[in-house]
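The values are calculated or read from the model by the stated rules, or taken from the named source; none is laboratory data. These numbers were taken from a predicted model, which means no experiment stands behind them. Note: ideal-geometry Cβ built from the backbone for every residue, glycine included; neighbour counts use all protein chains shown.
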Amino acid sequence: MQLGHLLITGGSGFIGSHLTSLALEHSKSVTVIDLQPESNPLTRHLVGDISDRNSLMSQLPRRIDTIIHLAARTSVLQSTKDPQGVFDTNVLGTQNLLELARDRGSSRILLASTNAVVGNFVDDRITETTPLRPMTPYGSTKAAAEVLSNAYSASYGVVATQLRLTNVYGEGMAKKDSIIPRLMRTALGTSHFSVYGDGEQYRDYVYVKDVVRAFVDLAKTDFQGPVIIGSGTSVTVNTLIQKTSIATGIEIPFDRVDAPAGEMRGVKVDNSLARSLGVNFNVDIDQGLVRTWQDFNRAMNLPKL
């Protein structure tokens, strides 16, 4: 099944660049809109801001069958410093995309969401029915985007699916500031790593190519609503350090500092709904870290021009 004419927002980013390459194999054409100029040369690439409705409506093609919406401001820390800016991109931007879908007759929209919409939930595994209780402006904007998209499904027939991603990692993340690239920069001796408290905080890490395959696979279904995209296996910070040391072949040094207020103790997710919809999670954390390190080491050691 082809996806027809596909629009990807944020298609030049870490996840977006992987998704764009795969989407080209499964669609008639791909249009990317992103703040960054870099993109796959086989796509139609537009530089633009999704919070600018007039620009979206005037630049984008009349025929859009499917929208995959990745563009967002994703830093939790930045969301606490600039909540209005995060709202403008994540909520107004999503509203603009939903209006675009309604205007262009798009039958399908898939949104990149996050388990942060449920807040600090540690009693059991997070499922799609866990109540929405975000604790940060970032999580709140993603929850708002989910609710808006569901309203457009009910009111206008645009089938909306919200993919709640856990911690995504993999090739192409050398410039990111999440925990795995920070550990790898420490392995190369260009950074310093601190562990909060006892290091027994746990998170779910999901490989980027499994994530983008999930977007494409779900775009070919008529499933509507939230679906968790995570490996289903959580690891602690201490274990992640050990696994990254093995993947890099370098003993990673670190120190311990007090955990900041509001630090979430753990995230465990249930991915059984995704699996029932045909989504596969093929790469475990050990394999994924080796692949990420090979790409990371190559990217960080490129000769300077």
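Details
- Those residues of the stretch 94-137 which are farther than 18 Å from Asp204 by Cβ and aliphatic (A, V, I, L, M), in sequence order: Leu97, Leu98, Leu100, Ala101, Ile109, Leu110, Leu111, Leu132
- Selection of first residues in the stretch 234-249 that are under 14 Å from Tyr169 (Cα atoms) and of a type in the set (Asp, Glu) and of second residues that are surrounded by 16 or more Cβ atoms within 10 Å (Cβ to Cβ) and at pLDDT 95 or above, restricted to Cβ pairs under 6 Å at least 6 apart or on distinct chains, gives an empty result.
- Residue check, Tyr196 aromatic (Phe, Trp, Tyr), within 30 Å of Val159 (Cα to Cα), touching a residue at least 40 places away in the same chain (Cβ under 8 Å) and in contact with a strand residue (DSSP E or B) (Cβ under 9 Å, 6 or more places away or on another chain): no
- Hey, Arg133 within 30 Å of Ala247 (Cβ to Cβ) and either touching a Gly at 6+ places or on another chain (Cβ under 7 Å) or at pLDDT 95 or above (or both) or not: no
Here's the yes/no breakdown for (1) over 25 Å from Val279 (Cβ atoms); (2) modelled with pLDDT of 95 or more; (3) crowded, with 20+ Cβ neighbours inside 10 Å:
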site	(1), (2), (3)
Asn150	no, yes, no
Ala154	no, yes, no
Asn167	no, yes, no
Glu171	no, yes, yes
Gly197	yes, no, no
Asp204	no, yes, yes
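- Scanning the stretch 260-302 for residues that are aliphatic (A, V, I, L, M), within 22 Å of Ala116 (Cα to Cα) and in a loop (DSSP other than H, G, I, E, B) gives Ala261, Met264, Val267, Val279.
- Gly105 vs. criteria more than 20 Å from Asp49 (Cβ to Cβ), loosely packed, with under 15 Cβ neighbours inside 10 Å and not hydroxyl-bearing (Ser, Thr, Tyr): yes
- Failed criterion for Thr74 (all others in (1) out of contact with any Leu (no Cβ under 8 Å at 6 or more places or on another chain); (2) free of Cβ contacts under 8 Å to residues at least 40 places away in the same chain; (3) assigned to a loop (DSSP other than H, G, I, E, B) hold): (2)
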